[in-house]
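Accompanying notes for the structure given below.
Derivation of every value follows stated rules applied to the coordinates shown; laboratory data play no part. This structure is a prediction, so every number in the text was calculated from the model and none was measured. Glycine gets a Cβ as well: all are built from the backbone with ideal geometry, and neighbour counts include every protein chain shown.
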Amino acid sequence: MFKKFIRKSRIKSPWLLHYDCSSCNGCDIEVLACLTPVYDIERFGIINVGNPFHADILLVTGTVNLRNRKVLVNLFDQMPNPKVVVAIGSCALSGGIFRETYNVLGGVDKVIPVDVYVPGCPAKPEAIIDGVVMGLDKFMDEKAEEKSHAGRGDSRQS
Ligand code: SF4
């Protein structure tokens, strides 16, 4: 019963954590635009938080490189299960225009599991909001919750 209550709360009011791996800031500005009065995601109960222990959904922009990989994995591990990861923009999906750079590992899914991919350079605010809503499906799936409690995913192996 308590689990059901938590699950419903997460669906009704998911809390987001945004981490910029190493973007050009184009996608970050679009994430911030979602918080402004124009898009106003708070009216849907979606709140931006700064603490991974409080977050349900991790929004990641930019490319993963040798320096930020560990930070990304730590943030992911600190979030409670079940958690959703949304990769935003071409850089987060594949490395984008920085793909061939000497220290770039590629997209976010090279180090942590990604649930939703939002393409674009930059990704549009409407698409980012859609991505967050798509991610909520994971909280509706009770079996996914049990699975995520059983294991921590593959982040530790990276
Ligand atoms: S996808 Fe485009 S806009 Fe977004 S961080 Fe990469 S280069 Fe910048």
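Couple of notes before you dig in:
- Scaling the Cα radius of gyration of the chain by the globular reference 2.2 N^0.38 Å produces a ratio of 0.99.
- For the range 27-71 versus the range 94-112, the inter-centroid distance based on Cα atoms is 19 Å.
- Applying 1/(1 + (r/R0)^6) with R0 = 25 Å to the Cβ-Cβ distance of I6 and C121 gives a FRET efficiency near 0.10.
- Note on the chain: GNM, Cα springs under 10 Å; of G62, G45, G135, the largest mean-square fluctuation is that of G45.
- On the beta carbon distance between N25 and F53, with R0 = 30 Å, the FRET formula returns roughly 0.70.
- For the range 2-142, the relative contact order is 27 percent, taking Cα pairs closer than 8 Å that sit 6 or more residues apart in sequence and dividing their mean separation by the residue count.
- Ordering of 30-38, 86-94, 4-12, 50-58 by packing [mean C-beta count within 10 Å, highest first]: 86-94, 50-58, 30-38, 4-12
- Ordering N48, V31, V71 by the projection of their Cα atoms onto the charge dipole of the range 25-94, which places +1 on the Cβ of Lys and Arg and -1 on the Cβ of Asp and Glu, puts V71 at the extreme positive end.
- Span-rule helices in the chain, defined as complete DSSP H runs reaching 27 Å or more along the axis (Cα) with Kyte mean at least 1.0: none
- Among Y39, Y102, Y117: highest mean-square fluctuation, GNM of the chain, C-alpha pairs under 10 Å: Y102
- With contributions of -39500 (n - 2.57) from each DSSP H run of at least four residues, the per-residue ellipticity at 222 nm computed over the chain stands at -11000 deg cm²/dmol.
- Note on the chain: antiparallel DSSP beta bridges, both residues inside, total approximately 10 percent of the bridges counted.
- Estimated dipole of the chain in Debye, rounded to 20 [Cβ of Lys and Arg +1, of Asp and Glu -1, Cα centre]: 520 debye
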